[in-house]
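Note sheet for the following structure.
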Amino acid sequence: MAEEQNAAEPLWRDLVGRRLRDLRRERGETLTETAGRAGISPQYLSEIERGVKEPSSEMIAAVLGALGTTLLDLTTSVAGDLQPLVAPAAVGGAYALALAA
């Protein structure tokens with residue numbers, strides 16, 4: 001049963017990529033515009049957004065800076081996206097959600 005639940009959990013890189021794409025689109029920007037400000041290629045940004053690449057923390061920070069947001073905002077948003085997808089682990093009667101980047 002636990003294996004089935006783990007198999008359904010999305011990968012961090014997929015959730016981060018989707019959120020970065022959403023942020024870019026909300027700003028009405030192209031891959032080229034955002035990637036240029038972040039100092040990376042549009043192809044690499046596309047791969048990040050599609051969850052193909054696992055970007056370093058430096059790359060994530062560069063893209064976030066180009067999008068005018070912070071790591072805290074990204075992490076909070078991704079945690080919110082993840083929470084309904086997985087059953088929270090009960091810890092001492094409370095619920096906990098742990099993220100690793």
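The values are calculated or read from the model by the stated rules, or taken from the named source; none is laboratory data. Since this is a predicted model, take the numbers as computed values, not measurements. Positions of Cβ are backbone-derived with ideal geometry, glycine not excepted, and every protein chain shown enters the neighbour counts.
Residues checked against (1) assigned to a loop (DSSP other than H, G, I, E, B); (2) surrounded by fewer than 17 Cβ atoms within 10 Å (Cβ to Cβ):
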position	(1), (2)
Leu20	no, no
Lys53	yes, yes
Ile60	no, no
Ala66	no, no
Leu72	no, yes
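I'm told Ser77 meets every condition in (1) at pLDDT 95 or above; (2) buried (at least 16 other Cβ atoms within 10 Å of the Cβ) except one. Can you identify the failing condition by its number?
(1)
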